[in-house]
Amino acid sequence: MTARFDGATLALHQSLFAAAAEEMGTALMRAAHSPNITERLDHSCAIFDGCGRLIAQAAHIPVHLGSMPRAVEVVLERCVLAAGDVVMLNDPFAGGTHLPDVTLVSPVYAGRRRSHAPDFLVASRAHHADIGGAAPGSMPLAREVYEEGFRIPPVHLMRKGIVVEDVLELMLANVRTPRERRADLFAQLAAQHTGERRLVEMAHAHGLQTLQRAAAALMDYAERCVRDALRALPRGAFTFEDALDDDGLGNGPIPIRVRLTLGGDRARVDFTGSSPQTAGPVNAAEAVTRAASTYAMRCVLGGDFPINHGSLARIEVVAPPGTVVNPLPPAAVAAGNVETSQRIVDVVLGALARALPHRVPAASSGTMNNLLIGGRDPRSGQPFAYYETLGGGHGAGPGWDGASAMQAHMTNTRNTPVESLEHAYPLRVVETRVRRGSGGAGKHRGGDGIVRSIELRAPARVTVISDRRRRGPYGLAGGAPGEAGENRVRERPGTAARRMPGKFLVDLPAGAVITLASPGGGGHGRRGLEAGTPDSGTRRPRARVSVRRRGRLPDSDT
């Protein structure tokens with residue numbers, strides 16, 4: 001029986017748990033070396049109870065946080081934990097998402113006894129700019145996970161407070177930038193220590209049993225809130241379908257289909273009928289599919305309730321094995337975490353738009369526009385690996401225009417500032433601007449995307465993983481789709497830029513310029529008419545919709 005807490009006391013404990021997770025993230029950001037973590041904040045932290053149930057998370061990255069509970073579950077299933085231990089993993093088929101995302105899980109013993117199960121667990125996940133594999137940045141156009149980098153099942157990185165040097169050296173021997181990786185891993189260890197220390201202090205201040213009962217009460221409260229919110233939704237089954245452009249190896253489009261069933265106090269998100277797993281790397285691990293689905297549901301449920309194990313309990317996600325949303329090993333998965341997760345959000349929100357046409361916006365940019373550049377820095381003679389995602393336009397909603405030039409949905413990172421980028425890498429930012437006119441027209445207009453051009457100051461291998469290059473994000477209620485994205489490469493000064501596919505890997509000389517133009521968001525509603533039933537994501541706008549001129553790239557990048 002869960003202890004009773006009044007509202008004020010429950011809110012206090014929720015804030016304490018969340019603040020501990022946020023403090024973990026701050027420690028990680030401040031101690032890390034790579035701009036990917038220190039500037040873009042591509043990391044996430046969370047706190048769990050001794051059974052592996054999520055208590056609280058920091059306001060970090062949805063695709064990390066929604067999938068992290070599975071990592072903690074796997075650690076508890078496979079590892080014997082003691083005080084001072086830290087377990088590391090990145091295996092997409094054993095609790096991970098894609099190989100660059102390295103997760104650390106630590107037990108917390110906040111009482112006097114150290115021989116029983118942990119009182120709590122803390123976890124951090126950081127995207128490492130390189131983890132080995134066939135291309136710098138570890139997101140190549142691979143056919144198997146073995147090509148994507150160093151794969152780590154749950155293994156001890158620390159035992160009883162001592163680093164397991166053999167495990168650390170094995171990892172560092174398989175990456176291109178071992179010094180940076182070592183520094184970022186130790187930053188994660190600092191975050192783990194910060195979370196552990198804060199929970200111990202909270203247990204001493206409030207009592208361990210009180211803290212554990214408060215965690216359980218918060219889960220019960222969140223489950224009640226979700227149950228009530230689900231009961232208020234229309235009953236029925238709502239379907240939607242959208243597609244990825246391709247898998248990067250010439251196969252596509254890749255359809256993703258969902259059947260959303262709302263009834264009573266539960267929701268079922270069923271991806272039966274989606275594409276079989278692909279040859280290319282757009283397969284999304286089951287944990288990623290679950291994270292994207294629960295994120296989309298949380299957006300629509302609204303309300304100011306905590307995100308924890310209880311808030312997820314009423315949402316069932318069905319992802320058939322062997323499909324693009326739950327692949328079997330040894331499928332390549334690097335792009336599933338960043339691209340397919342976005343399309344999963346699009347289809348779940350599309351289905352919700354059929355149930356709640358006056359609440360759900362049109363599709364946002366629908367891609368993270370991943371840019372990876374690696375080579376040898378002529379200034380230091382050392383290898384470098386740069387990784388960045390670019391924002392785009394947000395979809396317009398029933399009553400508002402979409403925001404421009406922002407990250408959307410499953411990514412919550414910043415851009416890399418020009419000064420930091422040019423200081424850390426042999427690169428020069430030629431241009432960063434809003435892609436005016438790329439948002440979809442309608443009663444409410446979609447937000448505009450971004451144009452970013454980067455010049456190489458040294459020969460490098462470049463990988464781009466992007467989507468929505470063949471068809472823009474869908475509009476709703478008669479709104480027009482957003483403009484599809486574009487990728488261009490100009491190999492030498494004075495030559496014309498050539499258009500590239502959405503996913504490519506190419507070796508380029510110094511002086512080459514890479515330009516990514518991200519999609520705009522979909523429009524919402526016909527001009528002069530009230531919003532009605534959402535159109536299918538596959539339909540084009542009717543001729544009577546007034547479509548303004550779209551922003552396109554010139555042939556030259558400068």
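The values are calculated or read from the model by the stated rules, or taken from the named source; none is laboratory data. Remember, it's a predicted structure, so these values are computed and weren't measured experimentally. Because the Cβ atoms are built from the backbone with ideal geometry, glycine has one as well, and the counts that use them run over all protein chains shown. Calculation scope for accessible area: heavy atoms of the full protein, side chains included, ligands and nucleic acids excluded. Shrake-Rupley method; radii C 1.70, N 1.55, O 1.52, S 1.80 Å.
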_Members of the stretch 142-173 found to be closer than 26 Å to Ser466 by Cα, in a loop (DSSP other than H, G, I, E, B) and open to solvent by 40 Å² or more (accessible area, probe 1.4 Å), listed by number_ = Arg143, Phe150, Arg151
*Can you pull out the residues in the stretch 174-199 that are within 30 Å of Pro118 (Cα to Cα), open to solvent by 10 Å² or more (accessible area, probe 1.4 Å) and not β-branched (Val, Ile, Thr)?*
Arg182, Ala183, Phe186, Leu189, Ala190, His193, Glu196, Arg197, Arg198
*Within the group Val63, Val75, Val87, which residue is crowded, with 23+ Cβ neighbours inside 10 Å and touching a Cys at 6+ places or on another chain (Cβ under 6 Å)?*
Val87
*strands (runs of 3 or more DSSP E) wholly in the stretch 234-311 with at least 2 residues that are charged (D, E, K, R) and open to solvent by 20 Å² or more (accessible area, probe 1.4 Å) - which ones?*
254-263, 266-270
*Kindly indicate which of Ala216, Ala203 is part of a helix (DSSP H, G or I), open to solvent by 10 Å² or more (accessible area, probe 1.4 Å) and of a type outside the set (S, T, N, Q).*
Ala216
_Residues that are buried (at least 20 other Cβ atoms within 10 Å of the Cβ) and over 30 Å from Ala217 (Cβ atoms), drawn from the stretch 312-327_ = Ala319, Thr323, Val324, Val325, Asn326, Pro327
*asked:* Which residue is surrounded by the most Cβ atoms within 10 Å (Cβ to Cβ), if the candidates are limited to the stretch 9-43 and must be in contact with a Ser or Thr (Cβ under 8 Å, 6 or more places away or on another chain) and acidic (Asp, Glu)?
replied: Asp42
*asked:* I'd like the residue in the stretch 419-466 that is touching a residue at least 60 places away in the same chain (Cβ under 8 Å) and basic (Lys, Arg) and, out of all such residues, is surrounded by the most Cβ atoms within 10 Å (Cβ to Cβ).
replied: Arg445
*Mind checking whether some residue in the stretch 244-257 is closer than 30 Å to Thr278 by Cα, free of Cβ contacts under 8 Å to residues at least 24 places away in the same chain and over 24 Å from the mean Cα position of the chain (by Cα)?*
yes
*Does Ala183 satisfy being modelled with pLDDT of 95 or more, over 24 Å from Phe17 (Cβ atoms), among the aliphatic types (A, V, I, L, M) and in a helix (DSSP H, G or I)?*
yes
_Cβ-Cβ under 9 Å pairs, at least 6 apart or on other chains, the stretch 308-328 side over 17 Å from Tyr295 (Cβ atoms), far side open to solvent by less than 30 Å² (accessible area, probe 1.4 Å) and of a type in the set (D, E, K, R)_ = Pro320/Asp270; Val324/Asp247
*Would you be able to say whether some residue in the stretch 247-258 is of a type outside the set (Phe, Trp, Tyr) and under 29 Å from Ala18 (Cβ atoms)?*
no
*Just checking, how many residues over the stretch 483-503 are open to solvent by less than 30 Å² (accessible area, probe 1.4 Å) and β-branched (Val, Ile, Thr)?*
1
*Only residues that are farther than 23 Å from Arg452 by Cβ, assigned to a loop (DSSP other than H, G, I, E, B) and open to solvent by less than 10 Å² (accessible area, probe 1.4 Å): list them for the stretch 333-378, please.*
Val333, Val360, Ala362
*May I ask you to list the residues in the stretch 73-125 that are out of contact with any strand residue (DSSP E or B) (no Cβ under 7 Å at 6 or more places or on another chain), under 18 Å from Cys45 (Cβ atoms) and assigned to a loop (DSSP other than H, G, I, E, B)?*
Thr97
